[in-house]
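Working notes, structure below.
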Amino acid sequence: MDLPPLSELELQNIYAWLDKLPLSRAKKNIQRDFADGAMVAEIVYHYLPKLVEKHNYPQAHSVQQKQYNWSTLNLKVFKKLGFQLSKNDIDSVIACSPEAIERVLKFLQIKIEKYLEQQKELEKKALEQQKQQQYQQQQKQQVQEDPLQNQDFGLILAEKNQAITELKETVEILQLKVKKLEQLLQIKDNKIQGLVNQLQGKQ
């Protein structure tokens, strides 16, 4: 992957970004300062300390050591950020080619911001999951502590069915009593009617 050239505004933004970072060396000649990859490792460490072991990237003067630093960054750090530099980009930075390191730093800045956003989203999801688990645990504990929630629902249902049966029996008894009362009233009505008839016959 060969990195694209930058506009003048993008270059100025990169320089302003570097000025805000607590780097171990003052920025004098950006091409030479960053050629060995050590300060690039410091930038990543500033934002993502868990991804970088700074002692693996010593300041270097030989081309061989510079290549080692960049290869290590490529394999151990940049790969975790979702990219790897091409050999052409690395060789250009080591050779202090104009704007080579600026292109790398711009791309690195974008990848760091994206990685931080992803980490933030993962942390948010993890927090939501933790809250959900805590809520479920609280609900479970409430069920265990509440005696009504812990009763045998089969027993409750049986008690209700028994009550319904008893009510039905009571209704049937009352219906029989009403029927008997109606029969007694009918007998009385017949007797009264018989007496009335007898009285009328005597007259």
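The values are calculated or read from the model by the stated rules, or taken from the named source; none is laboratory data. What you see is a predicted model; the values in this text were computed from it and never measured. For neighbour counting, all protein chains shown are included, and Cβ atoms are generated from backbone atoms with ideal geometry for every residue, glycine included. Remember, those area values only see protein heavy atoms, side chains included, never the ligands or the DNA or RNA. Shrake-Rupley method; radii C 1.70, N 1.55, O 1.52, S 1.80 Å.
Key figures for this structure:
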{"item": "Aspartates and glutamates with Cα under 14 Å of LYS125, excluding same-chain neighbours fewer than 8 positions away", "result": "GLU117"}
{"item": "Cross-link pairs beyond the 18 Å C-alpha cut-off, checked among LYS50/LYS76; LYS66/LYS114; LYS54/LYS80; LYS80/LYS114; LYS28/LYS76; LYS80/LYS131", "result": "LYS66/LYS114; LYS28/LYS76; LYS80/LYS131"}
{"item": "Computed [θ] at 222 nm, helices only, for the chain once each DSSP H run of length n ≥ 4 contributes -39500 (n - 2.57)", "result": "-24000 deg cm²/dmol"}
{"item": "The chain, accessible area per residue, ligands and nucleic acids excluded (1.4 Å, Å²)", "result": "74"}
{"item": "Helix runs (DSSP H) in the chain reaching 24 Å along axis by Cα, Kyte-Doolittle at least -1.0", "result": "153-202"}
{"item": "Separation of alpha-carbon centers, the stretch 1-30 and the stretch 54-92, rounded to whole Å", "result": "17"}
{"item": "Within the stretch 42-111: Cβ-based charge dipole about Cα centre, in debye rounded to nearest 20 (Lys, Arg +1; Asp, Glu -1)", "result": "300"}
{"item": "Computed over the stretch 57-197, the ratio Rg/Rh where both radii use C-alpha atoms and Rh is Kirkwood", "result": "1.82"}
{"item": "Trypsin sites (Lys or Arg not before Pro) within the stretch 4-69, DSSP loop, no more than 13 other Cβ atoms inside 10 Å", "result": "LYS20, ARG25, LYS27, LYS28"}
{"item": "Dipole of the chain, positive end: most advanced residue of GLY82, LEU174, LEU195 [Cβ charges, Cα centre]", "result": "LEU195"}
{"item": "Size of charge dipole - the chain - debye, nearest 20, with Cβ of Lys, Arg +1 and Asp, Glu -1, no other charges", "result": "520"}
{"item": "Residue among GLN119, GLN134, GLN186 with the largest mean-square fluctuation in a Gaussian network model of the chain, springs linking Cα atoms under 10 Å", "result": "GLN186"}
